[in-house]
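Everything below concerns the one structure shown next.
The values are calculated or read from the model by the stated rules, or taken from the named source; none is laboratory data. Since the structure is predicted, the reported quantities are computational estimates derived from the model, not experimental observations. A quick note on method: Cβ atoms are made from the backbone with ideal geometry, for glycine too, and the neighbour counts reach across all protein chains shown.
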């Protein structure tokens, strides 16, 4: 077994859009003048298999490498695995000074064989792709990360993407292909509510099916193509809540609603909101075609007044005191970014939000129930976000 360098993954960049430039590269310490092809990595934190909150791969983690010359497959999904002694792979390969190599890598490594539920990769000399049909459950989402090193020669083993280096290791800069989505809630200081308790949140009519294509050159980002061929390619995604019920109290800071260790990891996309003002109103049951399915949040929440008594909204409130609210909103999801939606209850805001609707497009109340705020942060922190 060929033992590679011990690799400490880079500290996450403060601003995710600049993360590729700010990642620190830790060069390998292994012998590289023996002609063997070996690798080193750098990336932001890897979230899933199971979500990892640190900035290092754990022992046993693996990515898969696919490598080609113009005429030959050199690496066909070879596991590069982290162990106590560093990174290693079986049956070492050696440089051919006459050849130019292209490398593609995928993490989690399990995705590189037959895929996992909803993720089907394919690699060839020409390209790398991952077909995604995203399951609804957040626990089955994958933190798909990818890396390329193109045009690599034995005399320039780190390729061209980072300038001249002397270590001789092929540098693989992993990037996140998915967008992360989390949720918070708070009660506005001007609200009539004393508290609210969130029972469930579901984001409805997001694209779940698409193809991720690896970039053809170093430094470029991969691209997504959405599959718009069928109505069912837009689906609903329930959030995994931080606890069975999450309570927010008037005057307090926003509370975390979703489980930050199990966030939604979604296909990047720009999604338009359900237009309730359109005439005639397109009811939820009438959204049949792909283009008719527009985005809204379905929130099940209990409202209580300052005396801790349940506030009811007619037939929209069930026997247990929970009200179901549908809130239309636009949502743009960007690869490698964390989008945190904060639901602000009881705030009047002309820029977004409102009284909420039932499935027929009827207003639930005369006054504003929820307003929207939005922020965008790096991939793993849960601060900031979109506020609804």
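Restricting attention to the range 334-348, the residues that are within 14 Å of the chain's Cα centre (by Cα), at pLDDT below 90 and more than 18 Å from residue 239 (Cα to Cα) add up to 1.
Among the residues in the range 132-153, are any touching a helix residue (DSSP H, G or I) at 6+ places or on another chain (Cβ under 7 Å), in a strand (DSSP E or B) and modelled with pLDDT of 90 or more?
Within the range 132-153, none of the residues are touching a helix residue (DSSP H, G or I) at 6+ places or on another chain (Cβ under 7 Å), in a strand (DSSP E or B) and modelled with pLDDT of 90 or more.
Screening residue 175 on (1) closer than 15 Å to residue 213 by Cα; (2) touching a helix residue (DSSP H, G or I) at 6+ places or on another chain (Cβ under 6 Å); (3) modelled with pLDDT under 90 shows it passes everything except condition (2). Would you confirm, using the coordinates I've provided, whether residue 324 is closer than 30 Å to residue 177 by Cβ and in contact with a strand residue (DSSP E or B) (Cβ under 7 Å, 6 or more places away or on another chain)? So residue 324 fails the test. The condition (being closer than 30 Å to residue 255 by Cβ, in contact with a strand residue (DSSP E or B) (Cβ under 7 Å, 6 or more places away or on another chain) and either surrounded by fewer than 19 Cβ atoms within 10 Å (Cβ to Cβ) or in the same structural domain as residue 147 (by TED's automatic domain parsing) (or both)) is satisfied by just one residue among 200, 190: 200. Can residue 228 be described as in a loop (DSSP other than H, G, I, E, B) and in contact with a helix residue (DSSP H, G or I) (Cβ under 8 Å, 6 or more places away or on another chain)? So residue 228 fits the description; yes. Condition test on residue 374, is it surrounded by fewer than 21 Cβ atoms within 10 Å (Cβ to Cβ), at pLDDT below 90 and more than 30 Å from residue 224 (Cα to Cα)? So residue 374 fails the test. Of all residues being touching a strand residue (DSSP E or B) at 6+ places or on another chain (Cβ under 8 Å) and surrounded by fewer than 17 Cβ atoms within 10 Å (Cβ to Cβ) in the range 92-108, which is farthest from residue 157 (Cα to Cα)? Just the residue, please. Here the residue is 92. A search for C-beta distances below 9 Å between a residue of the range 341-360 that is over 24 Å from residue 194 (Cβ atoms) and not assigned by TED's automatic domain parsing to the domain that holds residue 186 and any residue that is modelled with pLDDT of 80 or more and buried (at least 21 other Cβ atoms within 10 Å of the Cβ), counting only pairs 6+ apart in sequence or on different chains, returns nothing. Screening the range 5-111 for strands (runs of 3 or more DSSP E) wholly inside it with 3 or more residues that are within 25 Å of residue 217 (Cβ to Cβ), modelled with pLDDT of 50 or more and not assigned by TED's automatic domain parsing to the domain that holds residue 337 returns the ranges 39-42, 62-68, 73-83, 101-107. Evaluation of residue 122 against the conditions (1) at pLDDT 90 or above; (2) in contact with a helix residue (DSSP H, G or I) (Cβ under 9 Å, 6 or more places away or on another chain) shows that the sole unmet condition is (2).
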